Every structure is written in structure tokens, then in C-alpha cells.
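Participant: Please read through the structure below; I'll follow up with questions.
The values are calculated or read from the model by the stated rules, or taken from the named source; none is laboratory data. This is a predicted model, so every value here is computed, not measured. FYI the Cβ positions are ideal-geometry reconstructions off the backbone, even for glycines, and counts take in every protein chain you see. Please note that ligands, DNA and RNA were not included when accessible areas were found on the heavy atoms of the full protein model with its side chains. Shrake-Rupley method; radii C 1.70, N 1.55, O 1.52, S 1.80 Å.
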Amino acid sequence: MNIACDIATTRASATACANVALVKYFGKRCETYNLPAAGSLSVTLQPLRTTTQVAIDGQPGDDVVYLGDALASVPFTARVSRFLDLLRQEAGSTSRVVVTTSNNFPTAAGLASSASGFAALALAATHALRIPTTPQSLSAWARRGSGSAARSIPGGFVVWHAGSAPDGSDSFAESIAPPGHWDIALVIGIAATGPKADSSTLAMNRTRDTSPYYRAFIDSTAHWLAEAQQAVHARDIEKLGDIAEHSALAMHAATLAARPGILFFNPTTTAALHQVRQWRRDGIGAWFTCDAGPQPKVLCSAADAQEIAERLRQVPGIQDIITATPGDGATLSG
Ligand code: 2P0
């Protein structure tokens, strides 16, 4: 680990990749600790990356958060401050924190910017505030900022354990295989770049509270999580792809049946999903997943990624393509 921390000024900076879940997390058993109702399995994605610097300047007052080159919005800053409050409490600090964060991909559009963002912030801020961590406790800290951020601390193929402890001490993510274990790719189509209409937390809570399919989605997840882990270990892409499509569709079925229903797909998403199934009928190994946003994401072998990217680019409404491969976990950076 490349450690960059200025002792005198207590600055630290860290970088973390986004992740995509192939067995989805969608539902909290405890919102205070961001504890999931079921476990999930993800791939940490390079090159989708957040880089975050924090500076603890010893001054009282409000935190200052820059997103890219500009001051972040009030809600974004408030969310970051709530997370920093937890760390300040742990460290016994009253200092404000100056945070500068940037993503190399669209923010808040279903590309897991909260995952990479809170993972990078958790690592940089715990370091700057001198909070001792282990890989597991760092994942648990990141989870407090955003559930899926727990999965952006480890690299490669990752399982986030649902856990059962009320304080969440057994709900952390860990790698089940390193990035080099398997040459797969996620080809991501950008079907919209604006912020999404419904936040993940709001969508999860409404789905839990009103969807008749929520319980069925949660109850079936443990089985698919075990099967997906076997598929990763066996490098069985047909099995993993089949589970990924099923988990995504089951999650979206649950959100669609909430009241009012939550529809993350746009017409471009739907067209892409149909195309992926057509490519499979044509003999190409491609399976889709989709998160709390409109971007279609296609799982394939790395050898097929260029072909899939060219095909996905032809789907009407697709604005851009990002090809991601299994990436490293969060690291401190210079
Ligand atoms: C996942 N998603 O497993 C699922 C699938 C979106 C759809 O985790 O409320 O940003 O911060 O815990 O982690 C996105 O939700 O939500 C997410 P919070 P988060 O990747």
C-alpha cells in the first residue's frame, strides 16, 4: 500500500474503484448502520475511479467539499459531513474537514459513484484522523457512507456479508478472488448522464415498505449468492451470467411493483437488454445487469469485450461506452 499522509498538516488522499453487483443488494435491515437485508457479490471495476483528498486543518466550522472543480451541492456536502461526523466521533476530533473529490465517470447516474466515493473518503479520512483500521473495519466504515461502498474497499471479486450483529460488526465485504483470477469484462453503455430521479436509499425503502415482491427477492438472494461464488471460483461465465441477469431482473421486478413503482430503465436500457439476449442467441457470451439507473452493463469474457462494445454502441440512444475489468481495492495515493 502506497501511504501518503502529511503528518504536520494531516492530509491524506486515496483512490477507489466503483463496483457492479452481479448478485444485487437492494434493501436495508438497518438504516442507521446501512446493514443489508441480504448479502451481495460484486466486481471492483477499473477504470471507474474516485480520487479524494482530505485535509484536517484543526479549525472548527462546517466541512468544505469540492466535487471536481466546484463546491459540491448542499445535500452532497451534508451527506459527506454526516459520514465525517462518525469518524470525528471515533477520533475525538472537532476539526472541520476539507474534502476534494473527483470521479472519472458520470456522478450519480447508476455507475456507483457513491460506492467509489465513500470508499475513497473512508480510507483517506480514517488515515488523516489516525483511526486504526483493518481491511474489514475499513469496509464497515465505508458501508456507513453508502452500503455499496463496503464493496469498493476490496479488489477483484467481492462478497459483502449481510451479517447478523445489530451493530454491523460482521457486515463487511472481502475479496473472494483477486482481479487477475478471471479475464472478464463489464461493458457499460451510457444511456443517460444526468443524476437519477430516485436515490437508492429512497428506492430501497419504498420497495421494502410497499412491494409485494421485495420479500421474495431477499429470500432468494442467499441461494444465488452461494451459486455465484461457486461460478466465480470455477470461472463459469454462463452460470455467473445467468445468475447476474436473474438477480438484476428480480431486483427491478421488486422496484417496479413498489407503490408508486420505480422504473430505472429508459427506452435505451430496454433496447440494449433485448439486444444482449439476441447476441446470446447469435452465440456470443453476453449477459446484462442494470442498477439503480438506466445504464445497461454487459458481462462478457475480456476476449469478447471489443465486439460487445461495438455492438452496444450501435444501440439507439447509447451515448458512450466504458469497458471495465476487475480492478484493485482502495489505496492511499499521493
Ligand atoms: C447494488 N445498488 O448491489 C445495488 C443494486 C443499486 C442497485 O447498492 O443507500 O448507493 O447508499 O446504501 O449502496 C446502490 O445503493 O445505497 C446499490 P445506499 P447504494 O449495487
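Participant: To the nearest 20 debye, what charge dipole does the stretch 216-322 have about its Cα centre, counting +1 at the Cβ of each Lys and Arg and -1 at the Cβ of each Asp and Glu?
Facilitator: Details: 9 positive and 12 negative charges, 47 e Å.
So the dipole magnitude of the stretch 216-322 works out to roughly 220 debye.
Participant: Sorted by accessible area (1.4 Å probe), largest first, how do Asp62, Asp242 line up?
Facilitator: Asp62, Asp242
Participant: What percent antiparallel are the DSSP beta bridges of the chain, to the nearest 5?
Facilitator: Just about 95 percent of them are antiparallel.
Participant: Counting each DSSP H run of 4 or more residues in the chain as -39500 (n - 2.57), what helix-only mean residue ellipticity at 222 nm follows after dividing by all residues, to the nearest 500 deg cm²/dmol?
Facilitator: Values: 8 runs with 121 residues, N = 334.
Computed ellipticity for the chain at 222 nm equals -12000 deg cm²/dmol.
Participant: If each of Leu256 and Thr134 carries a label point 7 Å out from its Cα toward its Cβ, how far apart are those two points in nm?
Facilitator: 4.3
Participant: Here is a further query. If I take the Cα coordinates of the chain and project them onto the principal axes, what are the three extents in Å, biggest first?
Facilitator: Largest first, the chain extends 61, 39, 36 Å along its Cα principal axes.
Participant: Within the stretch 45-143, what percent of beta bridges assigned by DSSP are antiparallel, to the nearest 5? Could you put the intermediate results ahead of the total?
Facilitator: Numbers: 9 of 13 bridges.
Antiparallel bridges make up about 70 percent of those DSSP assigns within the stretch 45-143.
Participant: Using Cα pairs closer than 8 Å and at least 6 residues apart in sequence, work out the relative contact order for the stretch 11-181, in percent.
Facilitator: 28
Participant: Once you sort the root eigenvalues of the Cα gyration tensor of the stretch 95-214 as a ≥ b ≥ c, which label holds: rounded (a/c under 1.5), prolate (a/b larger than b/c) or oblate (the other case)? Don't skip to the answer; put the middle values down first.
Facilitator: Working: a/c = 1.22, a/b = 1.18, b/c = 1.04.
Cα axes put the stretch 95-214 in the rounded bin.
Participant: Provide the packing ranking of 224-232, 150-158, i.e. peptides ordered by the mean count of other C-beta atoms within 10 Å per residue, highest first.
Facilitator: On the way: 224-232: 20.1, 150-158: 28.6.
Per-residue Cβ counts within 10 Å, averaged per peptide and sorted highest first, yield 150-158, 224-232.
Participant: Might you report the magnitude of the Cβ-based charge dipole of the stretch 165-244 about its Cα centre, with Lys and Arg at +1 and Asp and Glu at -1, to the nearest 20 debye?
Facilitator: With Lys and Arg at +1 and Asp and Glu at -1, about 300 debye.
Participant: Using the alpha-carbon atoms, what tilt in degrees (0 to 90, nearest 10) does helix 267-281 show relative to the longest principal axis of the chain?
Facilitator: Helix 267-281 sits at roughly 60 degrees to that axis.
Participant: I need the peptides 247-254, 114-121, 161-168 ranked by packing, meaning the mean over residues of other C-beta atoms within 10 angstrom, with the highest value on top. Don't skip to the end; give the middle numbers.
Facilitator: Working: 247-254: 21.8, 114-121: 31.2, 161-168: 14.8.
Peptide ranking by packing, descending: 114-121, 247-254, 161-168.
Participant: Once the piece of chain linking His233 and Glu174 is laid out straight, how much longer is it, given 0.36 nm per residue of separation minus the C-alpha distance between them? Walk me through the numbers on the way to the answer.
Facilitator: Working: separation 59, 0.36 × 59 = 21.24 nm, distance 1.45 nm.
Here the answer is 19.8 nm.
Participant: Place +1 on the Cβ of every Lys and Arg and -1 on the Cβ of every Asp and Glu in the stretch 184-326, take the dipole about the Cα centre, and give the residue among Val276, His246, Ile218 whose Cα lies farthest towards its positive end.
Facilitator: Going by the charge dipole, the pick is Ile218.
Participant: Over the stretch 226-334, what is the mean sequence separation of C-alpha contacts under 8 Å (at least six apart), divided by residue count, expressed as relative contact order in percent? If you can, show how the numbers build up before the last one.
Facilitator: Numbers: 99 pairs, mean separation 22.8, N = 109.
With pairs under 8 Å counted, the relative contact order is 21 percent.
Participant: Positive end of the charge dipole of the chain (Lys, Arg +1 and Asp, Glu -1 on Cβ, about the Cα centre): tell me which of Val74, Gly39, Ala142 has its Cα farthest that way.
Facilitator: Farthest towards the positive end: Val74.
Participant: Quick check: from the Cα gyration tensor, does the stretch 184-326 come out rounded (a/c under 1.5), prolate or oblate?
Facilitator: The shape class here is oblate.
Participant: Over the chain, what is the relative contact order in whole percent, taking alpha-carbon pairs under 8 Å and six or more residues apart?
Facilitator: Details: 791 pairs, mean separation 84.6, N = 334.
The normalised contact order for the chain reaches 25 percent.
Participant: Give, rounded to the nearest 20 debye, the magnitude of the charge dipole that the chain has about its Cα centre when Lys and Arg contribute +1 at Cβ and Asp and Glu contribute -1 at Cβ.
Facilitator: Numbers: 26 positive and 27 negative charges, 108 e Å.
It works out to roughly 520 debye.
Participant: Still on this structure, I have one more. Peptides 132-145, 255-268: what's the order by average Cβ count within 10 Å, highest mean first? Spell out each step's value before the answer.
Facilitator: Numbers: 132-145: 20.5, 255-268: 16.3.
Going by the mean number of other Cβ atoms within 10 Å, highest first, we get 132-145, 255-268.
Participant: While we're looking at this one, here's another question. May I ask for the Rg/Rh ratio of the stretch 11-181, computed from Cα atoms with Rh as the Kirkwood radius, given to two decimals? The partial results should precede the final answer.
Facilitator: Working: Rg = 15.0 Å, Rh = 15.8 Å.
Rounded to two decimals, Rg over Rh is 0.95.
Participant: Along the positive direction of the dipole of the stretch 11-181 (beta-carbon charges: Lys, Arg +1; Asp, Glu -1; about the Cα centre), which of Gly92, Cys17, Ala55 reaches farthest?
Facilitator: My answer, from the dipole projection, is Cys17.
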